[in-house]
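Since the structure comes first, as structure tokens, the remarks are kept for the end.
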Amino acid sequence: MHIPDGILPAAVSVAGYATTGAATWYSLRRINRKENPQESIPRASLLTAAFFVASWIHIPIPPTSVHLVLNGLLGAVLGYYAFPAILIGLFFQAVMFQHGGLTTLGVNATVMGVPALLAYHVFRLRNVVVRRGDPGDRPHQVWTGVFGFLAGSGGLGISALMALILLITTVPAHLDVEVERASVYALAVAHIPLMVLEGIFTALVVLFLQRVRPELLED
Amino acid sequence: MKLGLDEHAHLDSPLHHWETRYKLVGLMVLIFAFSFVQDLRLLPAMLVVTFALYSVSRLPLSYLLTRLRAPGFFLLIVAVLLPFLSGSTVILRIGSLALRQEGCLDLLLIVTKFVSILTTGLVLFGTAPFLAIIKAMRALGLPPVLADMTLLSYRYLYEIGDDLETMETAMGLRGFRARRSGRGGHKAMPLLGVLASLAGTILVRSYEQSERVYKAMVLRGYGHSPRPRDEFQACPRDVVGLGGVLVLAAGFVAAEIFFRRFGG
């Protein structure tokens, strides 16, 4: 999912920085509308670090294991802070572990961050469906789980789709149309089980947070 | 847990002494100039510039080799797929597999650009403390919210990483073995439930800690005192260095444009 340096044309990398700049500007504008935006900076920062660390947790799928992307969960918990958080997380990934890259930081942030913002809005629909009642109620929990699943699987699904389209259409390779089509289908199909896994994991985490610290899920 | 980002930030080299703002602008422009290159004839020059920069920086070779190991998996996939899938000019046939010329050239271009950009990035982030780089970004116009979030996240990343290690050790001591799933181990859903609780606990603990951190920051004047002025001061040598690197970057872009138009 982290597109590395050297693979995309410079124009695409620059366009990635432009879209990231626009999405960051929009997110910061929404954040600054809050009554005391500075109050939430430490919270968003520590949660950014926590998400970064949580993505190191490996889910064993014998004979291997996978780590989750968690961009849908990030959107559900951090709201408009999700985009800056993802940008910072990817910056750390690039400079500390050489995952992703400096020229592709903008592209990667767009690919992961825009679906996170969409996941935030999907998760907020939960408030439309269950307006009243105790958060411990059965329907409340069911809908939290359902929208958690949709946010998690949708976040990863849209990111994977964006990354695949970008790679296939811009990589400077002389692939023929048949090979190109086959690789898009193969990679898209390979991501379906991961989407389900990400969705279930996100639903379980939001249910845990609902039980232990419901204010973390409040807007 | 140590991520070792500032491991070699205090060595003595011209690149370590280069003022961070100028270094950031110069090397980022050079990195983008490298990513602009598509003509194979420019690759040797790119490698020469990259490794000249790395040797001037006096960063140890082991540092570069360790950092190149992490993305090696990506390189391996590209190296295996491209020469056999991309292009139409077959240069060698091994059974049903055909080695194609265009694929091999694409591979050469991608790998060289990847190594050059990554090495230049290592020079940029390995020759100055991370804190100084974020301060330089702030001086160059990074929004304060992003700068504060980056610094705070970096500060607590180590602590939260240690928290995760402690919790995993505690879970292990109580008999939890994530890798023993499947036969004789945990069933899939309860296993996911435990790992989701682990991730959730990391989030809850960070959230609770952030409330204490915010109060401590407010007590020290956060949000009320004026922001400290940036302490950067450039000397003529820094400006000359920036000029030199910008000319180099412009040279790569100009040569690429020339080869595209007239190079055949």
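The values are calculated or read from the model by the stated rules, or taken from the named source; none is laboratory data. A quick note: this is a predicted structure, and the numbers were derived from the prediction, not measured. Positions of Cβ are generated from backbone atoms using ideal geometry, with glycine treated the same way; all protein chains shown enter the neighbour counts.
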**the stretch B:67-96, residues that are more than 10 Å from chain A (Cβ to nearest Cβ) and among the basic types (Lys, Arg)** = B:ARG93
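Hey, does the stretch A:67-78 have a residue that's free of Cβ contacts under 8 Å to residues at least 40 places away in the same chain and out of contact with any Gly (no Cβ under 8 Å at 6 or more places or on another chain)? Walk me through it before giving the result.
In the first step, residues of the stretch A:67-78 are kept if they are free of Cβ contacts under 8 Å to residues at least 40 places away in the same chain; the result is A:67.
The next check asks that each one be out of contact with any Gly (no Cβ under 8 Å at 6 or more places or on another chain); those that pass are A:67.
Looking for residues that are free of Cβ contacts under 8 Å to residues at least 40 places away in the same chain and out of contact with any Gly (no Cβ under 8 Å at 6 or more places or on another chain), one finds at least one in the stretch A:67-78, hence yes.
Could you say whether any residue in the stretch A:68-88 is of a type outside the set (D, E, K, R), more than 15 Å from the chain's Cα centre (by Cα) and surrounded by 18 or more Cβ atoms within 10 Å (Cβ to Cβ)? Even if it seems obvious, please write down each step before you answer.
Taking the stretch A:68-88 as the starting set, the residues that turn out to be of a type outside the set (D, E, K, R) are A:68-88.
Applying the additional criterion that residues be more than 15 Å from the chain's Cα centre (by Cα) yields none.
No, the stretch A:68-88 contains no residue that is of a type outside the set (D, E, K, R), more than 15 Å from the chain's Cα centre (by Cα) and surrounded by 18 or more Cβ atoms within 10 Å (Cβ to Cβ).
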**Prompt:** Taking the stretch A:94-132 as the region of interest, how many residues are aromatic (Phe, Trp, Tyr) and within 11 Å of A:ASP5 (Cα to Cα)?
**Reply:** 0
**Asked** Counting only residues that are in contact with a His (Cβ under 9 Å, 6 or more places away or on another chain) and either assigned to a helix (DSSP H, G or I) or of a type in the set (Gly, Ala, Ser) (or both), how many does the stretch B:86-104 have?
**Response** 5
**Request:** With the checklist (1) crowded, with 17+ Cβ neighbours inside 10 Å; (2) out of contact with any Gly (no Cβ under 8 Å at 6 or more places or on another chain) in hand, flag the one item B:TRP18 doesn't pass.
**Result:** (2)
**Fill in**
All conditions in (1) surrounded by 23 or more Cβ atoms within 10 Å (Cβ to Cβ); (2) free of Cβ contacts under 8 Å to residues at least 12 places away in the same chain are true of A:GLY155 except (2)
**Complete:** Pairs returned, first residue in the stretch A:28-41 that is under 21 Å from A:GLY113 (Cα atoms), second residue that is among the small types (Gly, Ala, Ser) and exposed (fewer than 15 other Cβ atoms within 10 Å of the Cβ), beta-carbon separation under 8 angstrom, 6 or more apart or interchain, are none
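Within the bounds of the stretch B:64-79, is there any residue that is among the charged types (D, E, K, R) and within 19 Å of B:ILE117 (Cα to Cα)? Full working, then the answer.
Taking the stretch B:64-79 as the starting set, the residues that turn out to be among the charged types (D, E, K, R) are B:67, B:69.
Now restrict to residues that are within 19 Å of B:ILE117 (Cα to Cα): B:67, B:69.
Yes, the conditions are met somewhere in the stretch B:64-79.
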**Message:** I need every pair where a residue in the stretch B:202-215 that is more than 7 Å from chain A (Cβ to nearest Cβ) has its Cβ under 7 Å from the Cβ of a residue that is in a helix (DSSP H, G or I) and modelled with pLDDT under 90, sequence separation at least 6 or different chains.
**Reply:** B:ARG205/B:ASP163
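Among the candidates B:LEU146, B:LEU142, B:LEU107, which residue alone is without any contact (Cβ under 8 Å) to a residue 60 or more places away in the chain and assigned to a loop (DSSP other than H, G, I, E, B)? Give the derivation first.
Numbers: B:LEU146 fails: assigned to a loop (DSSP other than H, G, I, E, B); B:LEU107 fails: assigned to a loop (DSSP other than H, G, I, E, B).
Matching residue, one of B:LEU146, B:LEU142, B:LEU107: B:LEU142.
Yes/no matrix, rows are residues, columns are (1) touching a Ser or Thr at 6+ places or on another chain (Cβ under 6 Å); (2) part of a loop (DSSP other than H, G, I, E, B); (3) within 10 Å of chain B (Cβ to nearest Cβ):
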site: A:TYR17; (1), (2), (3): no, no, yes
site: A:ALA23; (1), (2), (3): no, no, no
site: A:GLN38; (1), (2), (3): no, no, yes
site: A:TRP56; (1), (2), (3): no, yes, yes
site: A:PRO60; (1), (2), (3): yes, no, yes
**Request:** Would you mind stating whether B:SER116 is assigned to a loop (DSSP other than H, G, I, E, B), at the interface with chain A (Cβ under 9 Å from one of its Cβ atoms) and not aliphatic (A, V, I, L, M)?
**Result:** no
**Request:** Considering each residue of the stretch B:55-80, count those that are without any contact (Cβ under 8 Å) to a residue 12 or more places away in the chain, in a helix (DSSP H, G or I) and of a type in the set (A, V, I, L, M), and give that number.
**Result:** 5
